[in-house]
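Notes for the one structure printed next.
The values are calculated or read from the model by the stated rules, or taken from the named source; none is laboratory data. Keep in mind that what you see is a predicted model, and the values were worked out from it rather than measured. Using ideal geometry, Cβ is built from the backbone for each residue, glycine included, and neighbour counts are taken over all protein chains shown.
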Amino acid sequence: MKTAKSRRIIKLNSKALDALPRHRDGKYIFKGKNDKPLWPRHIQNTLDSILKRAGIPHKSTHVFRHTFASMLFEQGEDVKVVSSILGHASVAITYNTYITLIERQTTKAMEAIEVAY
């Protein structure tokens, strides 16, 4: 575990919950062939295969984490909330990682005020 915040409960919206497979007892499960556990490497291998067929260069599954965070910032979400969801040890890590997006949102907010008045 990287930090104490690395292990956390992440709330999912209804679309995400509906997309997850469920076992007969209602628990969410991720399993591969022969009911064996699905490991992160399996997911990366599947993504690599899809990207290759589509003619897209290799991307790590981590790109989805950044896309998710970027989308939250584009929706105007607060850096502290995004930091908490991502499990960063401090808001500074989130701020430094996404500074360009945060600055873009600041500019957008100031332009909105200018138009409103």
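Numerical summary
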item	result
Condition met for SER83 (hydroxyl-bearing (Ser, Thr, Tyr) and surrounded by 14 or more Cβ atoms within 10 Å (Cβ to Cβ))	yes
Test: residue in the stretch 13-28 that is under 14 Å from the mean Cα position of the chain (by Cα), surrounded by fewer than 13 Cβ atoms within 10 Å (Cβ to Cβ) and in a loop (DSSP other than H, G, I, E, B)	yes
Set ILE29, ILE43: member being β-branched (Val, Ile, Thr) and modelled with pLDDT of 85 or more	ILE43
Test: residue in the stretch 46-55 that is exposed (fewer than 11 other Cβ atoms within 10 Å of the Cβ), modelled with pLDDT of 80 or more and assigned to a loop (DSSP other than H, G, I, E, B)	yes
Residue within the stretch 103-117 that is within 28 Å of ARG7 (Cβ to Cβ) and outside any helix (DSSP H, G or I) present	no
